[in-house]
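First up is the structure itself, then whatever we jot down about it.
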Amino acid sequence: MPDPAQMYQSLEQEIITFIQRTDPQPSGDEFDTLARRVFAYQFENNTPYQNYCRSLGIDTPADLTQWTDIPAIPTEAFKTLAFPIATFPVENAAVRFETSGTTSDQAYPGHHHFFTTTLYETSIIEAWKQLNLPRLKPAFLIPSPDDSPHSSLSHMMGVLTRFLGAPDEAFLIGTSGTINYDALARFANQNEPR
């Protein structure tokens with residue numbers, strides 16, 4: 001039986017190659033094939049997700065005819081300790097992102113474990129490039145990744161900060177949750193119209 005970690009790394013690299021390819025653009029058929037391969041990997045290596053799919057009448061990955069048939073897992077599934085949604089032992093996660101918990105009365109916030117952040121980070125940068133978004137100095141009204149290590153939004157903006165060559169003080173919310181007015185003033189002064 002193939003090692004799931006090696007399978008993940010191979011599939012991750014294939015996805016990265018797919019999203020970075022611009023010439024020629026990948027076709028819809030190529031996307032469909034890759035998406036269904038990702039589904040097959042998740043189905044085989046994530047028992048809670050497999051059980052969910054089976055409850056919907058999908059007993060094998062071959063039951064799907066196109067990528068749009070892949071079931072999206074309900075967000076509530078990420079809010080249970082007993083059955084983590086992951087294709088690997090969660091103690092091997094490189095990072096665990098959590099929801100803020102503001103939309104739920106549950107004591108345990110939603111959580112999403114990442115084996116690596118390579119694909120996540122590559123997708124952020126490649127989307128920025130492919131959408132031809134400007135390379136301006138950003139300002140974020142959120143805490144920095146250091147101050148909020150379980151926030152996927154802070155992590156994402158940290159990736160963009162590095163990509164755009166922005167200073168760490170682009171994050172204008174401090175650890176106490178208040179605006180850092182000194183950093184805001186410096187940002188405004190640096191970005192005055194000329």
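Quick check: the angle from helix 118-130's long axis to the longest principal axis of the chain, C-alpha only, nearest 10 degrees?
Approximately 60 degrees, to the nearest ten.
Quick one: net charge around Ile16, please, counting Lys, Arg +1 and Asp, Glu -1 for every other residue with C-beta under 13 Å from its C-beta.
Within the 13 Å Cβ shell, the charges total -3.
Applying a 10 Å radius around every beta-carbon, put 133-139, 36-42 in order of their mean neighbour count, most first.
In descending order of packing, they fall as 36-42, 133-139.
So how tilted is helix 28-45 from the main axis of the chain? Cα-based, degrees 0 to 90, rounded to 10.
Approximately 80 degrees, to the nearest 10.
What is the ratio of the Cα radius of gyration of the chain to 2.2 N^0.38 Å, where N is its residue count, to two decimals?
That works out to 1.21 for the chain.
Could you tell me what percent of the accessible area of the stretch 10-103 is made up of carbon and sulfur, with a 1.4 Å probe and every protein chain present?
The C+S portion of the solvent-accessible surface of the stretch 10-103 is 53 percent.
Measuring from label point to label point, each 7 Å out along Cα→Cβ, what is the Arg21 to Leu153 span in nm?
Modelled inter-label distance: 3.5 nm.
The values are calculated or read from the model by the stated rules, or taken from the named source; none is laboratory data. These numbers were taken from a predicted model, which means no experiment stands behind them. Here Cβ is always computed from backbone atoms with ideal geometry, including for glycine, and neighbour counts include all displayed protein chains. Accessible surface is based on the protein model in full, side chains and every heavy atom, while ligands, DNA and RNA are left aside. Shrake-Rupley method; radii C 1.70, N 1.55, O 1.52, S 1.80 Å.
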